[in-house]
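Here is the structure we will look at, set down as structure tokens.
The values are calculated or read from the model by the stated rules, or taken from the named source; none is laboratory data. Remember, it's a predicted structure, so these values are computed and weren't measured experimentally. Because the Cβ atoms are built from the backbone with ideal geometry, glycine has one as well, and the counts that use them run over all protein chains shown.
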Amino acid sequence: MYKFYVDGEWRHDENQPHVSGNYGVVNCVYIAVPQPDMVPNTISPETSGNMEVDDVVMRPEGFAQYSEADLQLSRDRISSFLSTHTVYELLPDSGKVTALDVNLAVKQAFHVLYEQGLPMVPLWDDFKGRFVGVLSALDFILILRELGTNGSNLTEEELETHTISAWKVGKLQLNLKRQMDGNGRPCPRPLVQAGPYDSLKEVALKILQNKVATVPIIHSTGPAGSCQEILYLASLSDILKCICRHFKHSSSSLPILQQPVSSIQLGTWVPRIGEANGRPFAMLRPTASLGSALALLVQADVSSIPIVDDNDSLLDIYSRSDITALAKDKAYAQIHLDEMNIHQALQLGQDANPSLGFNGQRCQMCLRSDPLHKVMERLANPGVRRLVIVEAGSKRVEGIISLSDVFRFLLGV
Amino acid sequence: MGNVNAREDGSNSPSGVEEGESNNSVQEEGIIVPDGLMGQSPPHSPRATHSPLMFTPQVPVVPLQRPDEMQIPNLSWMQTSSGYEDMGDGVGIPTMITWSHDGCEVAVEGSWDNWKTRIALQRSGKDFTIMKVLPSGVYQYRFLVDGLWKYAPDLPSTQDDDGNVYNILDLQEYVPDDLESISSFEPPQSPETSYNNLQLTAEDFAKEPPLVPPHLQMTLLNVPASYMEIPPPLSRPQHVVLNHLYMQKGKSGPSVVALGSTHRFLAKYVTVVLYKSMQR
């Protein structure tokens, strides 16, 4: 599909085939694609996108168009599926949850996260008798930045006695965007949690609206729900896995899944030259300092930054959760954030776990021509929260698709 | 000790038998009939709690050969990997598809291979069955009975937009516990003897503590932490270790204690570890 930008205005050509879609009226090009296997009763007349041929050779942008009806049908079906299935289905047969007492020292908390390989943990308050929050990689990033700045209240020795609860109180003073109440006063954010009988749709919306990655699943019993039992830490990737599992063998019921991600404009894309309203896309070179990476993670409010070479080819990716690698050999105590560069920081993580190479789980990629269902299946792997869209061959970074992008698209929010 | 044994038997056998009736998808360990189109090797299963001999072991049967199907080289009991999965779907789980509503010739088609092939079911008495090895997932299928398309009314089914009805197979990777067999289990009465609540004296502390039952060593808490992005799934805990509190001192730091316990929630098991500070 395409549109013309004429003298500062987006217009379509009336004389050429055109169709209404999400972007107003757009022109479209129909390309006949060979269909070797006509599967009976599964192809609706409207979608002539190919399901069998998965060809990643460079192709012109004009794929067969998708209709609003396809999109709405797919959305309705997914919404209906998510509304009728509960969180209980996400629970593994035998799962493990690690929690920290809120009076544990920050330094020890850091080490537990590192040793157990956890990106985040729920926090338990003995005095209140309930779960009160979570400790995540972002907390550590903020703590490390606090250590680094002059005139901060936090020293390294204090990390040993500074409790998580004290940190959380101090964090309010940092005036992060999300924690303001109506009067502009910092207020503690209540724990975003869900119960095992909540529908998957409720949980997905909760995650999207609160902009969290993981939601503790807590079963409350007793008078006024006073007795809390933690069951699981649910994330969008669990829900996505459930969706993929269910619809994998009836892909015709969700026609929008066959569309390439470039045609549905999913994710955040590197703005093309001349695009006026493109958001700056955060990328860094491996020689950039760790301090700048952490600053970017906080300010741009993103969870990961692709690390690229001089040609913008993807080398690796630095995510918030990589911060726990600094606990190795207490690297955080010895380094100055501006003296260590990203490459070294990633090396720390690599040494801890050599199996996670670039081509392994660390850096999942996709092409702009990949259909949505392929992207979804990749994202449904636990531990994969984003895919980097790269150019075939050169691996030049073109964009990022995250779990929340996919869910916003599927739920139409 | 008597408690422990009874509990294990009580939970295992009824759950096995009732699974077969309620779900219609039977999972049998170690019995693999490789299907020429699908099958990947089932994993070395960590399901230690399930005795593989819950059912009369079936003699593996060669599925009916169709002209386009490739020859199955061997039917050994060892894992075979026939066929290549382009997507690495995951391991195959044996499941049985049954038609028990009369007919002379029954075949089945399903969404597991996009409705491409039709497999004839084998007759055994009044029922027609076929064993398939499929990765975990949700599939649709229907039966061709004497030339007519039918669905089994007693099995879960769904209807598509055109009004066609298909049966649904939701194949899980594990057999969920049968809730009734667990929740109706009555703990035995305490043995007859005298009970009091006198404080323990120094004399009591001087004695050797009673031995910890060896079953309690089998806790999931000792499974080493995995650094992989995708940690391998935990095995199902033995019922005997449930609701016991374990403590680990000093491993994560000088004044840090880890408390762990495994509980059951409906048919799922959750192991929770809480790290606390010992300082006050």
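Within the range B:108-117, the set of residues being without any contact (Cβ under 8 Å) to a residue 40 or more places away in the chain and surrounded by fewer than 19 Cβ atoms within 10 Å (Cβ to Cβ) comprises B:114, B:115, B:116. Out of curiosity, is residue B:148 out of contact with any Gly (no Cβ under 8 Å at 6 or more places or on another chain), surrounded by fewer than 19 Cβ atoms within 10 Å (Cβ to Cβ) and away from chain A (no Cβ under 12 Å)? Yes; evaluated as a whole, the condition is true for this residue. The set of residues in the range B:118-145 that are within 14 Å of chain A (Cβ to nearest Cβ), assigned to a strand (DSSP E or B) and surrounded by fewer than 17 Cβ atoms within 10 Å (Cβ to Cβ) contains only B:118. Residues that are in contact with a helix residue (DSSP H, G or I) (Cβ under 7 Å, 6 or more places away or on another chain), more than 30 Å from residue A:89 (Cβ to Cβ) and in a strand (DSSP E or B) do not occur anywhere in the range A:273-282. Only one entry in A:226, A:263 is in contact (Cβ under 8 Å) with a residue 60 or more places away in the chain, of a type in the set (Gly, Ala, Ser) and either in the same structural domain as residue A:396 (by the TED database) or in contact with a Leu (Cβ under 8 Å, 6 or more places away or on another chain) (or both), namely A:263.
Of all the criteria given as (1) in a helix (DSSP H, G or I); (2) more than 19 Å from the chain's Cα centre (by Cα), the one not satisfied by residue A:240 is (2). Filtering the range B:85-117 to residues that are among the acidic types (Asp, Glu), outside any loop (DSSP other than H, G, I, E, B) and at pLDDT below 90 leaves only B:113. Taking (1) at the interface with another protein chain (Cβ under 7 Å from one of its Cβ atoms); (2) aliphatic (A, V, I, L, M); (3) surrounded by 21 or more Cβ atoms within 10 Å (Cβ to Cβ) in turn, residue A:90 satisfies each apart from (1). Within the range A:86-99, being part of a strand (DSSP E or B) and over 24 Å from the mean Cα position of the chain (by Cα) holds for one residue alone: A:94. Applying the selection to the range A:106-129, what residues are in a helix (DSSP H, G or I) and of a type in the set (Lys, Arg)? Scanning the range A:106-129 gives a single hit, A:107.
Within the range A:98-109, the residues that satisfy the criterion of being facing chain B (nearest Cβ under 10 Å) and either buried (at least 20 other Cβ atoms within 10 Å of the Cβ) or without any contact (Cβ under 8 Å) to a residue 60 or more places away in the chain (or both) are A:98, A:99, A:100, A:101, A:102, A:104, A:105, A:107, A:108, A:109.
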